[in-house]
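Here, each number is a calculation from the coordinates, and none is a lab measurement. In this text, all values refer to a predicted model and were calculated from it rather than measured experimentally. Cβ atoms come from the backbone with ideal geometry, glycine included; neighbour counts cover every protein chain shown.
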Amino acid sequence: MEEEYRQKLEPLFLDKFLQKSDEPVIDLHLHDKREIQETLENFMPEDVLVMAANFENDARNLYLILANKASIGSSTRDLFLKLAEKEAQHKYIIESQLNTGI
């Protein structure tokens with residue numbers, strides 16, 4: 001599903017929506033590996049579903065922010081709103097699995 005979204009978004013010129021900075025952000029990755037290893041040691045299936053639901057929610061929020069930056073009535077805004085709706089549907093599917101106690 002995400003690949004399909006990438007293909008839809010590629011032709012858009014997102015730089016008009018996003019402010020660019022000439023200064024790169026440096027990530028030192030000092031805690032990433034340790035945090036991931038500690039988390040994975042205690043992961044339960046429910047934890048994976050919660051994490052996936054959070055990713056879907058974050059993606060939805062991103063698309064809503066981008067939609068709000070686009071011109072009202074534009075096809076770009078409509079696309080972002082549709083993608084936000086799809087991400088909400090994905091979150092619902094994941095949370096439904098949590099609700100059934102997988």
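Before moving on, here are some points about what is shown:
- Taking N as its residue count, the alpha carbon Rg of segment 45-102 over 2.2 N^0.38 Å: 1.30
- Computed from label points 7 Å out along Cα-Cβ, the spacing between GLN37 and GLU23 is 3.3 nm.
- For LEU98, the shell of other residues with beta-carbons less than 15 Å away shows a net charge of -3, using +1 for Lys and Arg and -1 for Asp and Glu.
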